[in-house]
Every structure is written in C-alpha cells, then in structure tokens.
Amino acid sequence: MFPEQPFEGLVFALALALHKWQAVFVIHFCSENVEKRSEGEINMTKTVFSLCFMCTVRCPIKVEVENGQVKWIEGNPHVPGMQGSLCPRGVAAMALVNDPERIQGPMVRTGPRGSGEWKRVSWDEALNLVASKLQEIAKTYGGRSIVWGERTNLATHVNKTFMRLLGSPNHFTHDALCKGSVNTACRSLFGYTDPEIGIDYKNTKHIVLYGRNFFEALEVRPVNFLLQAMEEGAKLTYIDPRVTVTATKAHNYFMIRPGTDLAFNYALMHVIIKEKLYDVKFVERWVKGFQELEAFIQPYTPEWAEKETGIPAARIVALARELSQQKPSVIFHFGYRGASHPNEIYFRRSILMLNALMGSIEAKGGLFFKKGPKEAGGKPARKLTEQDGLPKVTEVRFDKVGTEVFPLPDPNHGVPQMLPFAILNEDPYPIKAAIFNRFDPLLSIPDRSLTERAFEKLDFIVTIDIQWSDTAWHSDVVLPESVFLERTDCVQQANGLKPQMFLRRQAVLPRYDTLPAPIIVKRLADRLGFSRFFPYETMEDLVKWQLEGTGFTLEDFDRKGFVAYTDKEIWWDRENGLKLKTPSSKIEFVSSLLENAGYPSFPPYEPVLPPPEGRYRLMVGRCAQHTHISTQNNLYLNELVPENVIWINRREAERLGINNGDFVEVSSSCGDVCLRAYVTDLIHPEAIFMLHGFGHTARFATRSFGKGAADAVLQENKSDNVGGSPALDDTLVRVRRAYRK
Amino acid sequence: MSQYYLMQDAKRCIACRACEVVCKINKGLPKGPKPCEVVVVGPKFISGLPRAFFKFMPCFHCEKPWCIAACPTGAMQKRDDGIVYVDEALCVGCKACMSACPWGVPQWNAEKRKVAKCDYCMDRLDKGLLPACVTICVTKCLYFGKSDEIPSVRRERAARATAYFE
C-alpha cells in the first residue's frame, strides 16, 4: 500500500512560509558554490533572457547556454509569477531545438501536393522562386489575389508591411478563429479590444470561469496569481459541461447543458438587477442602457434558466448573492477562446456586462484597461507599418470584413474561416496564392475537406514554419523558420498596469538551415523592390530601429530581459477617469457599434434544443501538454499525450454499446473520424469532447502522424456573423462503435 | 531517509507534468522511463464537487532501500547525504531493483538497457541548484529542503489552520 500518512496535513498551503524556507536553502547552497562556479568554464556558458514561443502567451524565460547548446530553460526569475516556473511545453522547447524532424532547409515540392516528394534547395533558389511566382500572380490577377495568414506574433507588423506593398488587403491572423467575437464584444461595450483589457487575478475575491479551463489551457503567471488569491480566500466558480482539472479546484461547479451559458448569465443578471445586488454608483456613472437591460431581462428568471441549463434556480440565485458580496473584486472571465456558438458575441457581451454590473471594471481584483507607454509618459517601440510613404490598400478584403457582410469583426485580424469560401466561390474575387506563417488552416479552419478543396484551387502555396504542419505538407514551397531560441524577435510592447517592453533574444545559432521570418520577408521584399521599407539586415538592426525614440536600447534588456516605463501601477479614477473609447464614453449596454450596423443590443434568447436521439454536441478543448496543433510531434509532449480520445457520458455509451477504450466512429455532415472512446461520468450526456490538435497527416512528423483525429474534419464551417468567431462547438455528431480503426 | 525532503503541496498541483518533462530532459532519457510522475487519482464527485488527487511520485530515498539490498552488482548506491542513485557503469540491467522497490521508483531505460531513477538531481544540488522538478514547477507546489527543517513548517501550517481570534 502507498504510505499516504506522511503527506497528510501538508495539503493546505502556507506558501509564504514554505517559500521563505526554500529561499534560505538556496542561498545557503549558493554561497558554498560561488567559488566553484567562478572557476568553471565561464567563457563557454552564457545566460540569455528571452521569451518563450511554445505557445502564444510569451512567458519570460531564462536560457542557459553551454558550448552553443541550450542546456536549461526556466521562467525568468525577475518576473513575478514566473520565478523559475515553466509549463511542460516551455520545458519541452529543449527537445524542439535539436529535433531532426524539424524542417531542415528550404524545400520545393517535386511530386503532387501532399505526396511528400520534396527537393531541398538553397535559400536563393527558394526565395527567387517565391518572389517570381508572387510577382507573376500579382501582375496577372492583382495584389489582392494573394493572401497572408499567420498566427499573430511579434513580427506581424513586418508581414503586414509586406502585404501592403504587394497591394493586397488580405493579411489575416488566426485570432478570429479563437476569439473574434470576444474582440468585437469588448469593442461594443468599451471601445477597447480584448487584448487591451487585463485581469487582476492576484486581488480577486471570486472568479467565474465559463469553460475557461484555467489550469490546463494554462498561462504560468495568471495561474500563480489566481492560486495566490485562492490561498487568501478567493472563490472559484467553474461552468463547463465537462469536468476538467479546473473543475477539481473549483468551489462551485456547474455541469451546464452545452451551449446554454448565455441563459445562465441572463438569469444571473435577472437576480442581480431584481435584488439590486449591482454596484449602483458605478452603473449610474458609467453604464449606458441599464434600463433597457432591466426591461429585457424580465422574462429570464432563474426558474426559466433551470429548464434551459439544467442548473437549479436556487443555485443561480445563491451564486448571484455570493458574488455581489465581494463586488467589485469579482471577475467574470470573458474567455481565452471564445468561438463556440453562432450567438457568441451576445454571450461574451453578457459576461462583460456582469462585470460592469458588479463595478469590477478598473477595479482591484476585477478587470482593468491595460496602460501603454503614453500613460507613463513614454513612447512605444516603432512598427514598420508606421512608416511614411507605405501605401494604404483600400480594396475589399477576401473575408469582406468592413463591408455589410461582416461590418464588425476587427480588420486587423480578419475572419479566417471565410478563406475556403472566398477561394472556392471566387467571391469577392479570385484568390490565387497563399502564404501561411506558422498557421495551419487544414487543422484549424473548421471543415477540413472544404479547406482541402479550396487549396486545390490555389496556384501557389507557401508555408513559413518551424516544422511539418499539415499545411506545410500540402504547400508548394516551404521556408523553414528558426525556432524561438535561435532568433531575436521584434519588441513585445507589454502593456498593463505597469507598461513594459520584453525582448525575445537569440540564445543559440540555428541548428539547421533556417532563418527568422522577418529576415525571410525582408529578402523577399528585396527581390520585389520593396527594400526601402525594410531598413535592416539583421534582427538586431530591426530591434534597434524599433527602439529609436523610446529612450531604451537593446542593451537595456540584457540585465533582466525587459524594461519598464514605470515602477508604479497605473489605475484610472473610477469616479471620473475611465477613458472609454465608445461614442458615448460610457460602457454601452445599448451598443452604438452593434445598432449602427443594424444588429440589436439585446436579441431575444433562442433556446438550445437537446440533440436528437443518438446525436451529440461536439465540444473541443485543450490540455496542459499541447499548444493547439503545433506540439503534438514534440518528443516529450508526444510521450505524455500521444493522441486524443472521445469523451462520452457513461449512460449514453451504454446505450450505444460502447465500452471504455473501444474504437468509435464519429461522424458529422462534413466528415468522419475514428478514435478511442473514454467513457466517463465527467461529461454532460448531450456533449462529447475531444482535444483539438491531433490527426496530423504530414508523414515527416513521424510521432504525430496518424495519431488521434482532427476536430476540423468534423466541425461545420459556420460563424457568429456579428462577432466574427467560428462556431466551433455547434456541430452535432453521431457516434457508433467501430470494430477496427 | 536522506537528509533531504521533497514535499508536494497537492492542493496547488495542477498535474501539468512540467516536472516529468524537465526531469527526463535533465537526465537525457528516451521515451518510457519517468523518474518522477504525477499520478492522478480521480476525479470523482465528493459532496457534489468534482475532486482529484494529484500525487507526485519521485523516489523517497529510503533509509534502508530495498533497491540497494536487491542490487547484485553494487550499482545502486547511497551517498553520505542519503541520496540513493544508480551508478550506470555498474548496472547490468537485471531489474532486481525494479522488482524490489515497493513504490515502483526505478525505471527502465530501454535505450541504454539500464535502470534510471530519481537522484534528487544530485548534479544540480552539487552546483547549488534545486532539483529540476522543483525549479520548474508551474505552481511552486514542490518544495525541497533539509528533512530536519520540516517540522517547524508543519507546525506553522497547523497553527494557521486552527487559529482563532477571541
């Protein structure tokens, strides 16, 4: 038997005392070893402060390099909430650098697309080919026929500059696939986008998470800040049809009927307004449209919501009362991924409105507006897109963002799931070439077979990536990018309560024949005659150019990996100082953004019907060991989570004759996949769940090839047309036992 | 026990497994062996709430290790500070230690055909660093220190947990 006794009683954290103890221990050890260290091979070792890029969070890291090899990575000890900590994906970067399955040099396709027949070529040959093809296509069909899609990164401004010079309006990021409607919801209420709004986890007293799987889809700093708050008594309420690690840490857990979170929120609002639990002073001062909300919310009683959500009315009432006691230090988390249903924007708006009702806007322990350098009397780093003389492109975008079809989504990011339709229907015009930078539409855009058909129609596909994504595999030219440990990157403007700048720094030389993407783009630009807008030869030149006028230099980042514009937190005055960017300068419950575009602020709730017999609502999500579709081939992460399984409720599985571990076929109107069943009580009977990111088809990535299944095969390509997100959890699927994969 | 103690505060653990990854990388291990592992028990519903126990399982570095007694070649050894480690040069891959250990600590490295196990990262300790898992731990739920310093910490915890103010 396992001896549990020694550990009992240690479970309740007294982190402070323990950290003190640990610190003493480290100091003791260090003092003993100073001499030994200084005698060591100091010339061959170096410490580099940088930013991780195993996911998009950009955790500050410290990299130890020995004889040109990465020996160790840990969280930057100078950054609160990091202090050595690093998530499994960040740690596994050490295996990424030397992975022979990376793309080792520029590749040109020699067989049919997707056949895996490639020719290794020189950079000159590859870049000449890409430049001449782009030139030819732009000449024949216009610059607009070229699309650039990327995972938003620090060099996004470089790529946007390139596209403007090509004369194309068609730069888009993956952002809208993840949270386009969150962005639009934030703008509709505050005039700010979601990245401009921060969350003060450290001081919160109660946080409500709607499927925001906080402790698995994890960010190191927020996790530590929230755990710190919870040790000081903060409550966690978690709402999700599936039990996650986050659910196991929650004080309140609601296994809600999938897709009905909006009904839950309307009932919360009903109670909060009816019982006057809201922050009257804050609402009167800052909210426009409270009366309209009050009238709208009348029919949405907790009893009504109980029928819709499956959550007892009494629990909804109790939660509303409990939350109001801690106002304004409460957080209704507006989400990280917000792309589940066609009414997504109204759900995200309801979350944000609950924050406003609690007065938890620009409040300790609530939400705050991120402050930029200007708030601290400083200047931000320059971007290439700010250069004088850079042409403006005013043509209609491929996704029609900014037209009456998609008036509201953010044109800085676009609506990527429209790409297959634009290509296939040549609507609004023919698209002939695509460049994808660390973005994998085949595995990210819903309805893979639709995207595949669209690819077939493209004359030219270029992928810039660090490894064999499915999209790289189906491209014509693959330009390998250096991994983040091998390159310096553009400046990160880290706005927040204390505006700062961080820098990703090159720690080691590239292991293979790869280049940083901004250098690849610059060399393409040189070939196309755009040199003057790319005033750099190296990444260090580019960073220096960006820093001009900020008062900071490249060397200022050496000591800690970041520079700060101020050492004091900047909070706006809640009485009179909220600099809201809406037309009314208020928090617009009745939204001029929505109404001017012809959309209502409060559309009546449309009930979510239970799926017909034998059908289930497909839900997708993340785990702590993988980032989207990009880490499944990592040696260590692949070992931890090699494939995905399908979660199905025990009762439903019994009805279908499915046992735990059986192979099952899951099918939708778009396609079908086969994977193993995980039969459990931990999921709502109307839902089934699978992890996103599996089912890779690129054979050179041998560890992830053919493992598990891709959600994109099953998901129907439909959108929240108001907000811009796809509806990734809105597909009904059938499940049946399969006898062999 | 060794003079050290590696303690996990399971309440903070989120089973992210960063500890497992960094341990393997630090020891250069291939697929398979896990000198430390977070074993998940649950989740199950306890009074209506889903609860799970995330149990960190490294080596306990026993006072009288079964593995050393079982090792026929003297590969399994104990340092003066009590750390139990395997000297790879002497390991013949007989797996006697794996059979002997009640906690399943010694792991099979199929690449080297030898045993691998937790040694509290003694290479790092000797350089004045903490074990890899403790350094990296996302939530700082792992603590490492001298065993004889533990009681005061536990006492302080117990006092806080039972404190009342009149």
message: Among A:Val405, A:Gly359, A:Pro373, whose Cα projects farthest towards the positive end of the dipole of region A:359-406, with charges put on the beta-carbon of Lys, Arg (+1) and Asp, Glu (-1)?
response: A:Pro373
message: Not counting ligands, DNA or RNA, and with a 1.4 Å probe, what is A:Met44's accessible surface area in Å² rounded to the nearest 10?
response: 90 Å²
field: Residue-level accessible surface for B:Asp126, protein heavy atoms, 1.4 Å, Å²
entry: 70 Å²
message: Test of understanding: what is the full-extension gain from A:Lys374 to A:Arg736, defined as 0.36 nm times their sequence separation minus their Cα-Cα distance?
response: 124.5 nm
Backbone N within region A:450-469 under 19 Å of label point (7 Å from A:Ser132 Cα along the Cβ vector): A:459-463
- line: Scalar couplings 3J(HN,Hα) for region A:528-535 by Karplus 6.51 cos²θ - 1.76 cosθ + 1.60 (θ = phi - 60°), nearest whole Hz, x for Gly and Pro, are 9, x, 9, 3, 5, 8, 10, x
field: When each of A:Lys498/A:Lys581; B:Lys44/B:Lys64; A:Lys383/A:Lys522; A:Lys202/B:Lys34 is checked by Cα-Cα distance, pairs over 25 Å
entry: B:Lys44/B:Lys64; A:Lys202/B:Lys34
field: Cα-Cα over 31 Å, subset of A:Lys205/A:Lys276; A:Lys179/A:Lys392; A:Lys371/B:Lys127; A:Lys205/A:Lys544
entry: A:Lys371/B:Lys127; A:Lys205/A:Lys544
message: With a cap of 16 neighbouring Cβ atoms within 10 Å, and only residues DSSP puts in a loop, list the GluC sites (Glu not before Pro) found in region A:319-401.
response: A:Glu395
message: Just to verify a number: what accessible area does A:Leu390 come out at with the full protein assembly present, 1.4 Å probe, Å² rounded to tens?
response: 10 Å²
- prompt: In region A:79-115, what residues drop by 40 Å² or more in accessible surface going from the chain by itself to the full protein assembly, probe 1.4 Å?
  reply: A:Ser85, A:Pro88, A:Val91
- request: Please work out the Cα center distance from region B:1-72 to region A:436-477, rounded to the nearest Å.
  value: 40 Å
query: Per-residue mean of other chain beta-carbon atoms within 10 angstrom of the beta-carbon, peptide B:91-97?
result: 0
- request: Could you tell me whether region A:288-436 comes out rounded, prolate or oblate from its Cα gyration tensor? Rule is a ≥ b ≥ c as square roots of the eigenvalues, rounded for a/c under 1.5, then prolate if a/b exceeds b/c, otherwise oblate.
  value: oblate
task: Using a cut-off of under 12 Å, list every residue of region A:61-100 whose amide N is near the label point 7 Å from the Cα of A:Met44 along the Cα-to-beta-carbon line.
output: A:66-69
- prompt: Using alpha-carbon pairs under 8 Å, 6+ residues apart, how would you state the relative contact order of chain B in percent?
  reply: 29 percent
- request: Subtract the Cα-Cα distance of A:Lys581 and A:Phe421 from 0.36 nm times their separation in residues, and report this length gain in nm to one decimal.
  value: 54.2 nm
Accessible surface of region A:599-741, 1.4 Å probe, proportion on carbon and sulfur as whole %: 51 percent
- line: Checking rank on A:479-492, B:49-62, with mean other Cβ inside 10 Å and highest first, the result is A:479-492, B:49-62
- request: Please report the relative contact order for region A:57-151, taking Cα pairs under 8 Å with a sequence separation of at least 6, and give it as a percent rounded to a whole number.
  value: 13 percent
- prompt: Which whole-number percent is the relative contact order of chain A (Cα, under 8 Å, 6+ apart)?
  reply: 18 percent
query: For B:Lys78, which aspartates and glutamates qualify as cross-link partners when the Cα separation must be under 16 Å and same-chain residues fewer than eight apart are set aside?
result: B:Glu63, B:Asp87, B:Glu88, B:Asp119, B:Asp123, B:Asp126
message: Can you return the aspartates and glutamates within cross-link range of A:Lys560? Criterion is Cα-Cα under 15 Å, with same-chain partners fewer than 8 residues away left out.
response: A:Glu64, A:Glu74
message: Rounded to the nearest angstrom and ordered from largest down, what semi-axes does the equivalent ellipsoid of region B:71-153 get from its C-alpha gyration tensor (root of 5λ)?
response: 26, 14, 13
statement: Rounded to the nearest 10 degrees, the helix B:150-162 long axis (Cα) sits at an angle to the longest Cα principal axis of chain B of 30 degrees
task: State in Å² the accessible area per residue of the protein assembly as shown; use a 1.4 Å probe, count heavy atoms of protein chains only, and round to the nearest integer.
output: 38 Å²
task: Quote the total accessible area buried by chains B and A together, excluding ligands, DNA and RNA, probe 1.4 Å, nearest 100 Å².
output: 5600 Å²
- prompt: So what is the orientation-averaged projected area of chain A, using the convex hull of its C-alpha atoms, in nm²?
  reply: 33.3 nm²
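The values are calculated or read from the model by the stated rules, or taken from the named source; none is laboratory data. Treat the numbers as computed from the prediction; the structure is a model and nothing was measured. A quick note on method: Cβ atoms are made from the backbone with ideal geometry, for glycine too, and the neighbour counts reach across all protein chains shown. For accessibility, only protein heavy atoms count, side chains too; no ligands or nucleic acids. Shrake-Rupley method; radii C 1.70, N 1.55, O 1.52, S 1.80 Å.
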